[in-house]
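The values are calculated or read from the model by the stated rules, or taken from the named source; none is laboratory data. Not measured: the values here are computed from a predicted model. Cβ sites come from the backbone with ideal geometry, for glycine too, and all protein chains shown count toward neighbours.
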Amino acid sequence: MDPITRILILPFSRVQEVEPGTRLLDAIRAAGVPIESICGGKGQCGKCRIIAPAAGVSGLLPGERKFLSEGEIAAGYRLACLSRAERDVEITVPVESRIDSPQILITVEGSVDRPDPAVTCHPIDTASCDDLFTNVRSVRFTGYSGPRPRVSGEIARAACRVGEGAAAAISRTGGYPEVIAAAPAATLTPLLGLALDLGTTTVAGLLVDLTTGRILARASGLNTQITYGEELITRIAFCQREGGTALLQRAAAESANRVIASLAAAADLPAAMILDVAIGGNTVMNHLLAGIDPSGLEMVDAAVPREPILARAAGIGLAVHPDAWCYSLPNVSRFVGGDAVGDVLASGMHRAREIELLIDLGTNGEMVIGNSEFLASVSCASGPAFEGAGVRAGMRAMRGAIDHVAIDPATGAATWTVIGGTAPRGICGSGIIDAAAGMFAAGIIDPSGRVQDGMPFVRPGPDGPEYVLVPMDTSATGREIALTQADMTYLMDSKAAACGAVGVLLKKYHLTIQDIRRVHLAGAFGAFTDLSSVTRFGILPEFPAAPVHPIGNGSLGGAYAALLSLERREEAARIARGMVYHDLLVDLDFIEEYQAAIFIPGRREFFPSFFKRME
């Protein structure tokens, strides 16, 4: 009999049985415990901290000393990705490594005036059950017009069992009308649909009455794929392992199912009667949910079909009606996906006469410029820094995260607010942007992002000088919360990528900042970030002629519109087919724009008010 090692994971009180020598990170994942692991378990981020007795785990590796102080090592801190279970052991996931209560945006802008969903409900009008089996052509569906729907034998039998009062749910998603459910008419009221935003980090959903368009419930949760890596490239690499794609597919479906269960419970309606699903997700997430290996997306010239991905709910493990179609908004390129198409659909910029700009800085950053005549897009790897990833004290926007910072230019002292009103345990993206802008205004960093020795609250650190935001006696972890020189170098790279990406779009279409007449900000970046800090730090140019319009969760808003309207699905198809994509990895203009943006704030012509104050 093979030996078994039992691991007790606190404070979750989970017991996981593994083979001796199993990595503790793999055991934690198998137990379903959400733990930070930005690099996907490669020992490169230092976020998967645990506390474990030396007697139960493998010896300390040199790679752990890079992220753990001598005091932390003495207290039993280890990295779960570099530690292995040797015998029965009790480990603790400390507060800074836990993922809980994320701040997830589930608001959507806009609506559909006259719902025309892909699924409609119609009473069945037929003389007898014999007609259903021997002469399906004689069956009539009250209120239905169009090509005769296909009816399977199984659904025909279901209609017979119901008898008088039976109704049919007819779907047009699959390219032809078909009856996907037959049941008493009362059980098909309200006719249920699901709009889903399948994000890299989070999942948000709306339960919708397809007949009226009314939102019956809203819910959100984590995408549990995050324990396999924060970034898309990390997950693509994970899929190259044996069984990797199947594992991440199950994680995506299970994450969606948790949201579906919450929606059904909130509305007190059966999830099994959700008859249509529309999904907004980036290209990698769309592939993974459908069980398609995304490995080919690593290639710069990867061919990405611009048609929506369709799948039956039963085939991908979604806990709705098994015959429901799942429609994913179409992708444009390997890193501009259905979520960006949803953003455009929700913003309405594809119908605008004047030139507009859409910006969505999430885990990945997408920018789209254009109007009714043209649309052009780019994608940049800037979002993770602005969501707390890659920063030593960074964390996602959840309870205990500093979300806003103010720094006194005269004294250099910081004040802050914390999500949940608790003691701070880290800092999320909006707080990081505020802090960076405030540090520059106070002279704590210079225009190159270098932390200045001798300034108030600046001390030497292992990565060079660092600015202490929160002293140890005020934090939830008992350690200072500081922004290090390595953090600032990473932030400067991210801000230059974002501003440079916008600069590429302006340059390619011979536009200036004055030519942009409206700016749409999608996602949490637009909802929670102080826009004055964004321009003071130089993440985005100033747009003096453009009002800024936050559109909420544009991916979810686009999925909601596609759920309720076949016309919106046609619009989404036209947006995807017609959008130009510029790949910044092979674009020489991006090198020039990036270099111009690597200083704070950036090009003089992009930040006229800043340089006017300097005169």
Q: Report those helices (runs of 4 or more DSSP H) wholly inside the range 513-582 carrying at least 2 residues which are under 16 Å from the mean Cα position of the chain (by Cα).
A: 523-528, 554-564
Q: Scan the range 219-257 for residues that are closer than 17 Å to P270 by Cα and at pLDDT 95 or above and jot them down.
A: A256, N257
Q | Selection count where residues are more than 21 Å from V208 (Cα to Cα), of a type in the set (D, E) and surrounded by 15 or more Cβ atoms within 10 Å (Cβ to Cβ), scope the range 299-328 | A | 0
Q.
Looking at V203, V151, can you tell me which residue is touching a Leu at 6+ places or on another chain (Cβ under 9 Å) and under 30 Å from F335 (Cα atoms)?
A. V203
Q: Among the numbered conditions (1) more than 30 Å from V504 (Cβ to Cβ); (2) crowded, with 17+ Cβ neighbours inside 10 Å; (3) within 31 Å of the chain's Cα centre (by Cα), tell me where V458 comes up short.
A: (3)
Q. Looking at Y490, Y467, which one is in contact with a Leu (Cβ under 6 Å, 6 or more places away or on another chain) and either over 26 Å from G365 (Cα atoms) or crowded, with 18+ Cβ neighbours inside 10 Å (or both)?
A. Y467
Q | Breaking point among (1) polar (S, T, N, Q); (2) surrounded by fewer than 24 Cβ atoms within 10 Å (Cβ to Cβ); (3) in contact (Cβ under 8 Å) with a residue 24 or more places away in the chain, for N331 | A | (2)
Q.
Could you tell me how many of the residues in the range 77-103 are under 12 Å from G43 (Cα atoms) and assigned to a strand (DSSP E or B)?
A. 2
Q: Of the conditions (1) buried (at least 24 other Cβ atoms within 10 Å of the Cβ); (2) under 19 Å from the mean Cα position of the chain (by Cα), A381 clears all except one; give me its number.
A: (1)
Q: Count, please, the residues in the range 57-76 that happen to be farther than 16 Å from K47 by Cα, of a type in the set (G, A, S) and assigned to a helix (DSSP H, G or I).
A: 2
Q. Would it be correct to say that L483 is farther than 15 Å from I433 by Cα, modelled with pLDDT of 95 or more and not assigned by TED's automatic domain parsing to the domain that holds A75?
A. no
(Q) For the range 175-233, which positions are closer than 28 Å to I38 by Cβ, among the small types (G, A, S) and touching a strand residue (DSSP E or B) at 6+ places or on another chain (Cβ under 9 Å)? (A) G199, A204, G205, A219, S220, G221
Q: Spot the failing condition for L216; the list is (1) at pLDDT below 95; (2) surrounded by fewer than 21 Cβ atoms within 10 Å (Cβ to Cβ), and only one is missed.
A: (1)
Q | All strands (runs of 3 or more DSSP E) inside the range 147-220 with 1 or more residues being without any contact (Cβ under 8 Å) to a residue 40 or more places away in the chain | A | 178-184, 202-209
Q) Given the conditions (1) assigned by TED's automatic domain parsing to the domain that holds G526; (2) within 20 Å of G578 (Cα to Cα); (3) touching a Ser or Thr at 6+ places or on another chain (Cβ under 9 Å); (4) surrounded by fewer than 24 Cβ atoms within 10 Å (Cβ to Cβ), which single one is not true for T363? A) (2)
Q | Close pairs (7 angstrom Cβ cut-off, 6 or more residues apart or separate chains): within 18 Å of G46 (Cα to Cα) and free of Cβ contacts under 8 Å to residues at least 60 places away in the same chain in the range 483-497, outside any strand (DSSP E or B) and among the small types (G, A, S) anywhere | A | Q485/G464; M488/G449; T489/G449
Q: Report, by residue number, each residue of the range 282-296 that is surrounded by fewer than 24 Cβ atoms within 10 Å (Cβ to Cβ) and part of a helix (DSSP H, G or I).
A: S295, G296
Q. In this structure, is I4 in contact with an Asp or Glu (Cβ under 6 Å, 6 or more places away or on another chain), surrounded by fewer than 15 Cβ atoms within 10 Å (Cβ to Cβ), more than 25 Å from T224 (Cα to Cα) and not polar (S, T, N, Q)?
A. yes
Q: Please verify whether the range 402-418 includes one or more residues that are closer than 18 Å to G526 by Cβ and in contact (Cβ under 8 Å) with a residue 40 or more places away in the chain.
A: yes
**Q.** Residues satisfying the stated conditions in the range 548-606, i.e. polar (S, T, N, Q) and over 27 Å from L105 (Cα atoms)
**A.** Q595
